[in-house]
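Remarks on the structure that follows.
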Amino acid sequence: MRRCGAGELLRYPRSPLDRQNAPHLSLGFAMRFILPALLINIVIILIPALLTVAMAFVDWDGVSTPVWVGFENFRTIFADPVFFSALLNNIKWTLIFLTVPMVMGLAAALMLLVVRRGRNFFQIVYFLPVIIATVAVARVWQGMIYNPESGLVGWLKLHGIVLTDPLARPTTSLYAVATVDLWHWWGFLAVIFFAALRQVDSAQIDSALLDGASLLQLMRYVLIPAIRPTVTLMMIMTVIWSFLAFDFVYVLTQGGPAYSSEVLSTLSYRYAFYNYTIGPAAAVALVISFFGLIATFFYVRIQQRGGD
Amino acid sequence: MQLPRGIKSKIGTLPGVLAIATALFGASPVRAGDGITLWYQRGGTPEQQQIMQKDLVEPFNAAHPTTPLNLDVRASGTADKQIRMAVISGKGPDIVMTPGPSTTLALAQSGHLLALDDYIKKYNLDKRILGPVLRTGEYNGHNYALPRTFETMVLYYNKTLFDKNGWTAPKTMAELNALAEAMQAKNVTPFSVGNGDWRAANEWYVTVVFNHFAGPENIYKALKGEIPWTSPTFVQAIDLLNNWYQKGWFGKNYFSLTDDQQALLLAKGEAGMAPNGTFNFDNMVAAFKQTGQELGIAPFPSLRDGVPYPTYEIGTGSTMSINANSANPDAAAAFLDYLYSDAFYDRISKDWPGDWNLPLTSIDEAKLSKNVSPLFAATATSFSKAVAQGNFGYTTWTFWPPATEDYLIRGIEQVWLGQISTAEYLGKMQETFATEMAAGKVPQLAPR
């Protein structure tokens with residue numbers, strides 16, 4: 001066993017072969033690198049996560065002494081019809097975000113790849129909504145587009161086109177909120193996919209073009225297979241993020257009208273901070289984590305396959 | 001290759017840096033000599049913040065230079081949660097502002113608030129604050145919270161529109177029905193209402209039908225657990241509210257309209273009336289100023305024989321307490337002494353009428369009229385007199401426990417949209433209420 005310096009650490013490990021010959025680190029030296037991140041992870045991730053698990057099994061209003069109630073909080077949320085409608089809304093949300101922004105992002109990335117003129121400008125334009133604060137985006141859509149008095153909907157009404165505020169109807173409220181989030185989000189995917197497409201070996205693209213491949217064929221047989229790891233990662237992250245959806249729903253509808261746009265995270269928030277029932281809130285949070293865990297499992301498996 | 005010594009030493013000190021950062025982020029309670037802190041919980045425009053500095057902070061600090069007030073205006077909607085979390089973790093401001101007695105109750109029960117009895121006696125606050133409102137802060141024989149706002153539901157109306165059509169403010173259900181029909185015949189929306197920027201506005205209308213149809217006596221019994229919320233009188237009240245919604249009295253854009261838009265529709269005469277709180281007086285005045293029409297205010301009509309007119313439901317939209325961990329409780333109490341003084345009330349009611357409507361016994365129409373509009377003066381005085389005479393009801397945001405209140409707000413939308421029946425709505429409300437009552441979460445009521 002020999003100890004290594006930091007310079008060797010930076011080179012370690014490059015490949016399975018390297019790994020066999022890799023130098024061993026002294027525990028003290030390694031801990032100096034690991035400890036800060038480990039401490040942060042323990043304090044702000046592990047401990048709150050364990051506390052959330054514990055809270056799912058107690059009756060607690062956030063102030064008094066918690067009382068152990070076993071699975072009662074899970075029985076409470078499963079008896080609440082709003083829980084299932086919120087879960088369904090999360091599933092719908094996931095399906096929307098797995099398709100619409102993916103297609104839009106890929107299409108825009110392809111266009112950026114093909115059309116070189118103005119590429120930087122369009123990248124900035126696509127990415128701009130991502131960096132605008134959520135509340136600002138939500139308020140602009142709510143007040144300047146959807147609102148029947150002050151928004152685009154109201155302006156169209158003045159010109160004889162009568163539309164209703166989609167946020168105000170139970171059948172459309174969730175989609176109206178998702179539209180705002182899509183507008184805010186798809187540009188991020190476009191830029192990520194474009195970055196991945198630029199890494200594709202130009203020889204492959206040239207060969208395909210020489211063979212007479214059309215743009216669609218190039219996309220289907222060369223480009224998408226080449227960036228599949230990026231697409232897969234984004235899809236897995238989309239599943240995780242979709243079950244964490246909160247901000248736009250909270251700002252635009254607070255889950256209404258009549259719970260029609262309620263998602264699991266807003267339901268959990270309502271249990272915790274409106275009803276002061278921390279137990280059911282934690283139980284809902286665990287359900288959210290469960291879906292995140294499934295997605296993470298697939299992510300890790302794919303990563304492992306990629307590594308091998 | 002070695003890392004430079006400087007970087008290595010920085011890595012070595014990272015845990016120390018983290019410890020310092022943790023200490024910095026975990027703000028400690030204010031120490032003696034630092035003054036006192038108040039996190040204002042309801043947000044405020046830049047103009048309103050200037051008014052608070054001028055009327056609240058500066059005069060107090062001039063009189064108490066060694067214990068000045070540090071005012072921190074926090075965004076409405078989340079500030080109450082921030083304050084609650086800070087207080088239960090043993091931190092937070094010296095003066096604890098909450099959105100009402102049900103929030104205060106949990107903090108008092110868990111020992112996070114100071115009993116104010118001695119300070120109330122010292123500063124004669126029991127003689128300066130209206131008794132029934134002051135008692136909303138009691139728990140186990142001690143008072144933990146003073147009511148900051150004294151609010152009620154009233155009927156705002158467009159007086160210009162009323163005068164033009166020969167209409168008068170309704171006092172009974174029959175008059176209200178006739179008026180609403182007349183308005184609809186003229187393509188005027190009877191009620192300018194909406195919850196576009198404040199979902200909890202739903203409960204204003206539930207409060208109205210509970211108090212003016214079921215009546216305060218029945219509400220008192222239900223809040224005491226003597227009758228259930230499924231009693232016929234409450235069923236009829238919710239049916240009545242649903243009937244208004246179905247007949248189009250709430251207009252076509254209830255779920256979209258914001259406070260400002262509602263006020264403007266009323267001020268333009270596109271809507272005739274608006275059941276709304278006294279806390280929105282400022283908004284209404286601003287909207288009518290824009291259109292040049294005249295605003296009218298009347299008590300909400302009695303919706304059933306036997307319910308007196310006028311009846312004013314008591315609302316305490318926010319309360320003031322002293323943090324049990326405050327290092328300066330005496331200074332905080334001195335601030336409360338200033339807050340409930342005529343001097344402050346005169347200033348604030350002139351600059352910001354409506355929101356700081358303190359429940360003072362000294363409210364006098366003649367005196368108020370010097371500073372505020374006669375409309376506001378008349379409403380505030382009439383409300384105070386009615387409460388002093390025991391003729392008062394109960395707002396849902398003051399007297400209902402939290403989960404019941406939340407269901408009351410969300411569930412009524414399901415009734416309006418035809419997803420559940422009135423019986424189902426009230427059944428769930430009763431179930432939630434019974435659970436919270438058993439857990440001691442219903443604010444205590446003063447005997448009627």
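The values are calculated or read from the model by the stated rules, or taken from the named source; none is laboratory data. From a predicted model like this one, the values you see are computed outputs, not experimental measurements. Methodologically, a virtual Cβ is constructed for each residue, glycine included, from the backbone with ideal geometry; neighbour enumeration extends over all protein chains shown.
Here are some notes:
- Screening A:Ala258 on (1) more than 14 Å from chain B (Cβ to nearest Cβ); (2) not in a helix (DSSP H, G or I) shows it passes everything except condition (1).
- Criterion (closer than 29 Å to B:Ser76 by Cα, in contact (Cβ under 8 Å) with a residue 12 or more places away in the chain and outside any helix (DSSP H, G or I)) met by exactly one of B:Asp260, B:Asp197: B:Asp197
- Checked against the criterion of being in a loop (DSSP other than H, G, I, E, B) and more than 14 Å from chain B (Cβ to nearest Cβ), segment A:179-194 has no qualifying residue.
- Here A:Thr296 fulfils each of the conditions (1) within 14 Å of another protein chain (Cβ to nearest Cβ); (2) in contact (Cβ under 8 Å) with a residue 24 or more places away in the chain; (3) surrounded by fewer than 21 Cβ atoms within 10 Å (Cβ to Cβ) apart from (1).
- Residues located in segment B:81-96, provided they are under 21 Å from the mean Cα position of the chain (by Cα) and free of Cβ contacts under 8 Å to residues at least 24 places away in the same chain: B:Lys81, B:Arg84, B:Met85
- Each residue in segment A:211-233 was checked for being under 17 Å from A:Arg305 (Cα atoms), in contact (Cβ under 8 Å) with a residue 12 or more places away in the chain and assigned to a helix (DSSP H, G or I), and 6 of them qualify.
- Checking B:Thr258 against (1) within 30 Å of B:Phe213 (Cα to Cα); (2) surrounded by fewer than 22 Cβ atoms within 10 Å (Cβ to Cβ); (3) of a type outside the set (Lys, Arg); (4) not assigned by TED's automatic domain parsing to the domain that holds B:Gln236, the condition it does not meet: (4)
- Positions within segment B:244-271 being farther than 30 Å from B:Asp351 by Cβ and away from chain A (no Cβ under 14 Å), in sequence order: B:Trp244, B:Gln246, B:Lys247, B:Gly248, B:Trp249
- Any hit, segment B:182-197, residues being under 17 Å from B:Leu426 (Cα atoms), buried (at least 21 other Cβ atoms within 10 Å of the Cβ) and modelled with pLDDT of 95 or more: no
- Verdict on B:Phe288 being crowded, with 23+ Cβ neighbours inside 10 Å and not in a loop (DSSP other than H, G, I, E, B): no
- Segment B:67-98: number of residues that are at pLDDT below 90 and buried (at least 24 other Cβ atoms within 10 Å of the Cβ): 0
- Here B:Asn211 fulfils each of the conditions (1) part of a helix (DSSP H, G or I); (2) in contact with an Asp or Glu (Cβ under 6 Å, 6 or more places away or on another chain); (3) within 14 Å of another protein chain (Cβ to nearest Cβ); (4) not hydrophobic (A, V, I, L, M, F, W, C) apart from (3).
- One residue from A:Leu156, A:Leu163 being surrounded by fewer than 18 Cβ atoms within 10 Å (Cβ to Cβ) and part of a helix (DSSP H, G or I): A:Leu156
- Only one of B:Ala185, B:Ala201, B:Ala263 that is at negative phi and over 21 Å from the mean Cα position of the chain (by Cα): B:Ala185
- Output for segment B:60-90, where each listed residue is assigned to a loop (DSSP other than H, G, I, E, B), within 14 Å of chain A (Cβ to nearest Cβ) and under 18 Å from B:Ser326 (Cα atoms): B:Ser89, B:Gly90
- Failed item in (1) outside any helix (DSSP H, G or I); (2) modelled with pLDDT under 95, with A:Thr171 passing the rest: (2)
- Yes/no for B:Ala108 being hydrophobic (A, V, I, L, M, F, W, C), over 30 Å from B:Leu295 (Cβ atoms), within 14 Å of chain A (Cβ to nearest Cβ) and over 17 Å from the mean Cα position of the chain (by Cα): yes
- Residues that are surrounded by 15 or more Cβ atoms within 10 Å (Cβ to Cβ) and either under 16 Å from B:Pro275 (Cα atoms) or of a type in the set (Asp, Glu) (or both) within segment B:160-175 comprise B:Phe162, B:Ala169, B:Pro170, B:Lys171, B:Thr172, B:Met173, B:Glu175, listed in sequence order.
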